[in-house]
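Colleague: Quick one: this structure, given as structure tokens, is what I'll be asking you about.
The values are calculated or read from the model by the stated rules, or taken from the named source; none is laboratory data. Only a predicted model underlies this, so the values are computations on that prediction, with no experimental measurement involved. For neighbour counting, all protein chains shown are included, and Cβ atoms are generated from backbone atoms with ideal geometry for every residue, glycine included. SASA here: full protein model, heavy atoms, side chains in, ligands and nucleic acids out. Shrake-Rupley method; radii C 1.70, N 1.55, O 1.52, S 1.80 Å.
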Amino acid sequence: MKLLVINPNISTDVTALIEREARRSIRPGTELTMATAPFGVAYIETRAEAQIGGYAAMQIAAEQYEGHDAVVVAAFGDPGLTALREILPIPVVGMTEAALVSACQQGSRFSVIAISQRIQAWYRETIAGYGFSDRLASIRALDEPLAHIGRVQEDQGERLVALAERAVHDDGADVLILAGAPLAGLARDVATRLPVPALDGVTCALHQAQAMVNLGAPAPSAGSFAALPSKPCLGLPEKLVKLVGRQVLTNRI
């Protein structure tokens, strides 16, 4: 089995964190291809940045998906996830959706522990879009600027644990989701310090991607995720055109 794991932001330090946790979550014989966005922002915390990250993920997937059995979008909020499911013939898993599903299998209510206050609105909208708002106990987030996105765990680890404990004792969380690729691996490291299960989106996504490959469901030929209609395209990378448009224009219509 071969999985393409995409970091939709430009931080190679974050990609290294994702890879470390991903390698602890794969079965013997599973291979990983790691990819980092070639453009965009250091980390995603707004709707606009998520749109940019989604396009970066689509471009990477179009260029590299062949020869892989599944794709993992490794950013909380799942930039580009549903679009990738529309254009690719293989399973696509997002770390947010994977973590939310896993959390609901372990408790009635979950809390999300996040790296910034600004990120909360987009996270709430993402959770609502997946239909899990009624299961959300709270979102608790750091409230100070991040010095370096690749060192959040070292710089803010104790504060994140404190937020997690408050989510359990004050908000009634049965399960915790330590959100965002910069926190990849933290749930595993602090699990014994927390009174309820703590989940890592990377871990959940890697396990679910492998399970989906094993399920062997064929690509849809009908419904909203069937192949896209053919139409003219301009200014898109060649391999993305083959997936989304299949007609290349040299001039505008």
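Colleague: For the stretch 174-253, what % of the accessible area comes from carbon and sulfur atoms, probe 1.4 Å?
Modeller: That share works out to 58 percent.
Colleague: Moving on. Among (1) 17.2, 49; (2) 18.2, 61; (3) 19.1, 70, which one is Rg and Dmax of the Cα atoms in Å computed from these coordinates?
Modeller: (2)
Colleague: Testing the spin-label approximation: label points 7 Å from Cα along Cα→Cβ at residue 234 and residue 134. State their distance in nm.
Modeller: 4.7 nm
Colleague: While we're looking at this one, here's another question. Taking H placed 1.01 Å from N in the peptide plane, check which residues at least 5 places from residue 92 or on another chain put their amide H under 5 Å from its amide H.
Modeller: 71
Colleague: Taking residue 242 as the anchor, which aspartates and glutamates have their alpha carbon closer than 20 Å to its alpha carbon, excluding any fewer than eight residues away along the same chain?
Modeller: Of all the aspartates and glutamates, those that pass the test against residue 242 - Cα under 20 Å, at least 8 places apart if same chain - are 63, 66, 69, 86.
Colleague: Further question on the same structure: Could you tell me the distance between the Cα centroids of the stretch 1-54 and the stretch 155-212, to the nearest Å?
Modeller: Cα centroid of the stretch 1-54 versus Cα centroid of the stretch 155-212: 18 Å apart.
Colleague: Same structure, new question: Considering amide H positions built from the backbone, and no H for Pro or chain starts, which residues 5 or more places from residue 2, or on another chain, come under 5 Å of its amide H?
Modeller: Sorted by chain and number, the residues that satisfy this are 31, 69, 70.
Colleague: Per the helix-only calculation at 222 nm, which mean residue ellipticity applies to the chain, given -39500 (n - 2.57) for every DSSP H run of n ≥ 4 and division by its residues, nearest 500 deg cm²/dmol?
Modeller: Details: 9 runs with 103 residues, N = 253.
Value at 222 nm, helices only: -12500 deg cm²/dmol.
Colleague: Something else: How much length, in nm to one decimal, is gained on full extension between residue 219 and residue 118, taken as 0.36 nm per residue of separation minus their Cα-Cα distance?
Modeller: Values: separation 101, 0.36 × 101 = 36.36 nm, distance 3.69 nm.
Computed gain between residue 219 and residue 118 is 32.7 nm.
Colleague: What accessible surface, in Å², does a 1.4 Å probe find on residue 170, ignoring ligands, DNA and RNA and rounding to the nearest 10?
Modeller: Counting only protein heavy atoms, the figure is 100 Å².
Colleague: Averaged per residue, what accessible surface does the stretch 112-194 expose to a 1.4 Å probe, in Å²? Please list the in-between numbers first.
Modeller: Details: 3670 Å² over 83 residues.
Accessible area per residue: 44 Å².
Colleague: Under 1.5 on a/c is rounded, so check that first for the stretch 1-103, then, if it is not, pick prolate when a/b is larger than b/c and oblate when it is not; a ≥ b ≥ c are the square roots of the alpha carbon gyration tensor eigenvalues.
Modeller: Note, shape of the stretch 1-103 comes out rounded.
Colleague: Please work out how much length the chain gains when fully extended from residue 106 to residue 159, using 0.36 nm per residue of separation minus the C-alpha to C-alpha distance, in nm with one decimal. Mind showing how you got there, number by number?
Modeller: Numbers: separation 53, 0.36 × 53 = 19.08 nm, distance 2.44 nm.
Answer, rounded to one decimal: 16.6 nm.
Colleague: Let me ask something else. Considering only protein heavy atoms and a probe of 1.4 Å, how much of the accessible area of the stretch 57-109 is carbon and sulfur, as a whole percent?
Modeller: 40 percent
Colleague: Mind listing the long-range amide H neighbours of residue 139? Cut-off is under 5 Å, sequence gap 5 or more, other chains count too, H placed in the peptide plane at 1.01 Å from N.
Modeller: For residue 139, whose amide H was placed from the backbone, the distant partners under 5 Å are 112.
Colleague: Additional query: Run the dipole for the stretch 74-196 about the Cα centre, Lys and Arg Cβ at +1, Asp and Glu Cβ at -1, nothing else charged, and hand back the magnitude in debye, nearest 20.
Modeller: Its charge dipole is roughly 100 debye.
Colleague: I would also like to ask the following. Using a 1.4 Å probe, how large is the accessible area of residue 23, given in Å² and rounded to the nearest 10?
Modeller: 120 Å²
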